[in-house]
1. For the stretch 49-98, what D do you get in µm² per second when you plug the Kirkwood radius from alpha-carbon pairs into Stokes-Einstein at 25 °C and 0.890 mPa s?
2. Once you list every other residue whose beta carbon is under 9 Å from the beta carbon of G60, what net charge do they have if Lys and Arg are +1 and Asp and Glu are -1?
3. For the stretch 6-55, what mean projected area does the convex hull of the alpha carbons give, in nm²?
4. Which value, to two decimals, describes the C-alpha radius of gyration of the stretch 14-114 once divided by 2.2 N^0.38 Å?
5. Where the only charges are on Cβ atoms (+1 Lys, Arg; -1 Asp, Glu), what is the dipole of the chain about its Cα centre, to the nearest 20 debye?
6. To the nearest 0.05, what FRET efficiency results for R4 and W44 with a Förster distance of 30 Å applied to their C-beta separation?
7. Each residue of the stretch 47-54 in turn: what ³J(HN,Hα) in whole Hz from Karplus with 6.51, -1.76, 1.60 and θ = phi - 60°, glycine and Pro shown as x?
8. Among D103, D40, which comes first, second and so on when ranked by fewest other beta-carbon atoms within 10 Å?
Amino acid sequence: MDGREVYEEDPKTDAGARTVSLDSHTVQALKWHRFQQDKDRKEWGSAWLETGRAFTRENGEMLHPANVTRWFIELYEEIGLPPIRLHDLRHGVATLAHAAGADLKDIQEMLDHS
């Protein structure tokens with residue numbers, strides 16, 4: 001493996017498969033994104049690569065995780081934010097949820113912590 005190959009498989013246990021709760025604004029943004037992606041799919045016609053993914057290149061091709069990470073870094077550097085890992089961001093959201101009064105058990109489940 002050269003470090004660029006993406007390896008995927010189903011979760012090893014049922015606990016590895018998770019449902020993610022989304023707020024209404026995120027759901028609306030995802031619906032808009034899907035609408036735009038459907039337009040791309042029609043424009044590309046038979047050249048569209050159907051991956052079943054929500055976020056793709058304009059031709060449906062899978063985004064490589066290393067590129068997504070690079071784009072994330074470029075964005076936070078461009079706007080002057082300090083470096084942050086996506087794992088840290090997840091815990092930051094948990095901190096905000098706690099400050100907003102979310103139940104600790106719900107936050108624990110959100111983070112998938114025992």
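Just so it is clear, none of the values below were taken in a lab; they were calculated from the coordinates. This one's a predicted model, so the numbers in the text were calculated from it and none came from an experiment. Note: ideal-geometry Cβ built from the backbone for every residue, glycine included; neighbour counts use all protein chains shown.
1. Using the Kirkwood radius from Cα pairs, D works out to 191 µm²/s.
2. Within the 9 Å Cβ shell, the charges total -1.
3. 5.1
4. Here the Cα radius of gyration is 1.35 times the empirical estimate.
5. 240
6. With R0 = 30 Å, the Cβ-Cβ based efficiency is 0.80.
7. 7, 5, 9, 7, 10, x, 8, 6
8. By the 10 Å Cβ count, ascending, the order reads D103, D40.
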